[in-house]
Amino acid sequence: MLNIVLFGPPGAGKGTQSENIIAKYKLVHLSTGDLFRIHLGEGTELGKLARGYMDQGKLVPDEVVIKMVEDKISHHLDANGFIFDGFPRTVHQATSLDTMLQSHDLSISTMIALEVPEDELRIRIKERAKTSGRVDDQDEEKINTRISVYLNETAPVASYYKEQNKFNGINGVGSINHIFTSICQVIDRL
Ligand code: AMP
């Protein structure tokens, strides 16, 4: 199985590039943000629980996210692999993901980190807000919270994969196609 962690701050282009990767490599998309938004839309208990955190731009507690991911993985064990988008977002989530995969004799193949400067992220999130309908894209304070949560809680996840020699930084600024070509170069070397 080809199991890829697509990493980067909010607005880095993870969703867009996930779609390209899935189309080419036939992987299962596991976006925790998308899964939460589906629960929110359906008004499930999980959605109700997640809403308060998401509306503020804060992280949903690890146990909740991990359980949801575990469930999704267990339903797709026959897949070519997974693209993890927006997960893991804490070092605890990363170690839990490893344990989960190991229990199925699987592992993470690589991490691809989209690197985009902060001012460019803000421009992209504001642009996305016009069409995404996402509450967390709409106001400056929520965007600030998400960026600081990324820097404080999520950025250390990169070091976790660096220690395992699985980290690949990609310049996330440029045309979508050009960035996708750089991503494919990493995947095709595996
Ligand atoms: P995203 O679509 O990845 O930007 O996620 C939107 C929101 O969903 C985040 O701001 C968090 O509130 C929540 N969320 C998504 N993925 C995670 C995760 N792995 N851990 C905790 N919260 C998450």
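Scanning the stretch 158-173 finds no residues that are buried (at least 19 other Cβ atoms within 10 Å of the Cβ), in contact with a Lys or Arg (Cβ under 8 Å, 6 or more places away or on another chain) and among the hydroxyl-bearing types (S, T, Y).
Filtering the stretch 49-96 to residues that are farther than 16 Å from R146 by Cβ, touching a residue at least 60 places away in the same chain (Cβ under 8 Å), more than 7 Å from the ligand (Cβ to nearest atom) and assigned to a helix (DSSP H, G or I) leaves V91, A94, T95.
Screening the candidates L46, L40, L27 for the property of being without any contact (Cβ under 8 Å) to a residue 24 or more places away in the chain, crowded, with 16+ Cβ neighbours inside 10 Å and touching a Gly at 6+ places or on another chain (Cβ under 6 Å) yields one hit, L40. The set of residues in the stretch 147-190 being assigned to a loop (DSSP other than H, G, I, E, B) and in contact with an Asp or Glu (Cβ under 8 Å, 6 or more places away or on another chain) consists of G172, V173.
Is there a residue in the stretch 83-97 that is among the acidic types (D, E) and out of contact with any Ser or Thr (no Cβ under 6 Å at 6 or more places or on another chain)?
Checked against the condition, which is being among the acidic types (D, E) and out of contact with any Ser or Thr (no Cβ under 6 Å at 6 or more places or on another chain), the stretch 83-97 yields no hits at all.
Looking only at the stretch 125-146, how many residues end up being more than 13 Å from the ligand (Cβ to nearest atom) and not in a helix (DSSP H, G or I)? Going through the stretch 125-146 one residue at a time, the tally reaches 1. Somewhere in the stretch 156-163, is a residue more than 10 Å from the ligand (Cβ to nearest atom) and β-branched (V, I, T)? Looking for residues that are more than 10 Å from the ligand (Cβ to nearest atom) and β-branched (V, I, T), one finds none in the stretch 156-163, hence no. Working carefully through the options T90, T99, T95, find the one that is at pLDDT 95 or above, among the hydroxyl-bearing types (S, T, Y) and crowded, with 16+ Cβ neighbours inside 10 Å. That would be T90, the only listed residue that is at pLDDT 95 or above, among the hydroxyl-bearing types (S, T, Y) and crowded, with 16+ Cβ neighbours inside 10 Å.
With respect to the stated conditions, L35 is out of contact with any Phe, Trp or Tyr (no Cβ under 7 Å at 6 or more places or on another chain), over 17 Å from S107 (Cβ atoms) and modelled with pLDDT of 95 or more. Considering the conditions (1) buried (at least 16 other Cβ atoms within 10 Å of the Cβ); (2) out of contact with any strand residue (DSSP E or B) (no Cβ under 6 Å at 6 or more places or on another chain); (3) touching a residue at least 12 places away in the same chain (Cβ under 8 Å), E120 is excluded by exactly one of them, (1).
On inspection, T99 passes the criterion of being more than 14 Å from the ligand (Cβ to nearest atom) and either more than 26 Å from D137 (Cβ to Cβ) or assigned to a strand (DSSP E or B) (or both). If the condition is being more than 22 Å from L77 (Cβ to Cβ), assigned to a helix (DSSP H, G or I) and touching a strand residue (DSSP E or B) at 6+ places or on another chain (Cβ under 9 Å), then the stretch 6-36 contributes K14, G15, Q17, E19, G33.
The values are calculated or read from the model by the stated rules, or taken from the named source; none is laboratory data. Note that the structure is a prediction, hence the values are computed from the model and not measured. FYI the Cβ positions are ideal-geometry reconstructions off the backbone, even for glycines, and counts take in every protein chain you see.
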